[in-house]
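The values are calculated or read from the model by the stated rules, or taken from the named source; none is laboratory data. As the structure is a prediction and not an experimental result, all values here were calculated from the model. Neighbour counts are summed over all protein chains in view; Cβ atoms, including those assigned to glycine, are modelled from backbone coordinates with ideal geometry. Each accessible area value is taken on the protein alone, full model and side chains, heavy atoms only, with ligands, DNA and RNA left out. Shrake-Rupley method; radii C 1.70, N 1.55, O 1.52, S 1.80 Å.
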Amino acid sequence: MHIVHTIADLRQHLSAFRRPAFVPTMGNLHDGHIALVKQATALGDVTVSSIFVNRLQFAPHEDFDSYPRTLDADAQRLKEAGCNVLFAPREKELYPEPQTYKVHPASELADILEGAFRPGFFVGVSTVVHKLFNIVQPDLAVFGKKDYQQLLVIRRMVQQMALPIEIMAGETRRAEDGLALSSRNCYLSAKERAEAVQLPLALKTLATAARKACDEGRLDVAALEDAAMQTLRLRGWQPDYITLRLQHDLSPVTAASKQSSVVLGAAKLGQTRLIDSLEL
């Protein structure tokens, strides 16, 4: 595997290839990331992964400084997964001057859910992904479904900016007990880790109840969402949202909705905020 730290070196190395497949990450890789890399490897003539902890998507009170940075271990995992190129730029390489030009995604998609609880988050995500796309110039890129809203934001950005990139979705990888794999799971204590499975269970319960209510013609989305939130609150969680939304644009589901839907959730357990999603 070729490891590069500068834009110039990356572009020079990739000039020999026609169909780069790209997986951007912030490092501290887990099996979910590796599954995305393996998915990409089967689709392009060179597989590129990036590791960059993007300051722009962290609020001042969030964990930018303490976010786990495990470059050596990550590089070894990428190599074993068949990744061809690791792009690991330093901050000054990607942002040599203050990034005053930014990508502002549509508010109806980016200012709800995660965007409502983390203002500016999707501006930071969209800006760094757009910049990485400009650098790597991939033919396709792979993003995981766990961050479902992020996947839609990136797809919409690519569409509106007319970028010649196919955005592929990777299925959420889970531990044996059902918890979605996440780089932030390492923050959980042993007790919290055992409790964390309650988030995917709450999503599954909401999904099951919504299907049953639809079949019986008595869907009350707000009541189902409130019940799921209250279940977590009673266990000591601080839920931001557990909600049923339409898959294609994350607009609210109504009794008359015919499109496919998705359940999304974000909640804080102790000092750790977890997110998850489940397609219906």
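A compact table of results
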read-out: Members of segment 38-62 that are closer than 18 Å to L132 by Cβ, of a type in the set (A, V, I, L, M, F, W, C), in contact (Cβ under 8 Å) with a residue 60 or more places away in the chain and not in a strand (DSSP E or B); value: A40, L43, F52, L56, F58
read-out: Failed item, numbered, when I3 is tested on (1) free of Cβ contacts under 8 Å to residues at least 40 places away in the same chain; (2) surrounded by fewer than 20 Cβ atoms within 10 Å (Cβ to Cβ); value: (1)
read-out: Criterion (in a loop (DSSP other than H, G, I, E, B) and open to solvent by 60 Å² or more (accessible area, probe 1.4 Å)) met by exactly one of D65, D72; value: D65
read-out: Test: residue in segment 198-206 that is among the small types (G, A, S) and out of contact with any strand residue (DSSP E or B) (no Cβ under 9 Å at 6 or more places or on another chain); value: no
read-out: Residues satisfying the stated conditions in segment 75-96, i.e. crowded, with 19+ Cβ neighbours inside 10 Å, touching a Leu at 6+ places or on another chain (Cβ under 6 Å) and assigned to a helix (DSSP H, G or I); value: A75, L78
read-out: Residue pairs meeting the criteria (Cβ under 6 Å; at least 6 apart or on separate chains; first touching a residue at least 12 places away in the same chain (Cβ under 8 Å) and of a type in the set (S, T, N, Q), in segment 166-186; second open to solvent by less than 80 Å² (accessible area, probe 1.4 Å) and in a strand (DSSP E or B)); value: T172/A180
read-out: Lone qualifier among Q137, Q99 - being open to solvent by 40 Å² or more (accessible area, probe 1.4 Å), modelled with pLDDT of 95 or more, in contact with a strand residue (DSSP E or B) (Cβ under 9 Å, 6 or more places away or on another chain) and not aromatic (F, W, Y); value: Q137
read-out: Selected residue (criterion: farthest from A196 (Cα to Cα)) from residues of segment 228-249 that are aliphatic (A, V, I, L, M) and crowded, with 22+ Cβ neighbours inside 10 Å; value: L244
read-out: Every residue from segment 203-223 that is free of Cβ contacts under 8 Å to residues at least 60 places away in the same chain and either under 22 Å from L152 (Cβ atoms) or in a loop (DSSP other than H, G, I, E, B) (or both); value: L206, E216, G217, R218, L219, D220, V221
read-out: Residue check, S126 in a strand (DSSP E or B) and either among the polar types (S, T, N, Q) or open to solvent by 40 Å² or more (accessible area, probe 1.4 Å) (or both); value: no
read-out: Extreme residue, farthest from the chain's Cα centre (by Cα), among residues of segment 130-184 that are assigned to a loop (DSSP other than H, G, I, E, B) and among the basic types (K, R); value: R173
read-out: Residue count, segment 64-79 (criterion: in contact (Cβ under 8 Å) with a residue 12 or more places away in the chain and either over 19 Å from S182 (Cα atoms) or among the charged types (D, E, K, R) (or both)); value: 4
read-out: Criterion: closer than 23 Å to G115 by Cα, outside any loop (DSSP other than H, G, I, E, B), open to solvent by 50 Å² or more (accessible area, probe 1.4 Å) and not aromatic (F, W, Y) - qualifying residue of K268, K191; value: K268
read-out: Flag if A42 is of a type in the set (A, V, I, L, M, F, W, C) and farther than 17 Å from F143 by Cα; value: no
read-out: Some residue of segment 55-67 being more than 19 Å from A169 (Cα to Cα) and aliphatic (A, V, I, L, M); value: yes
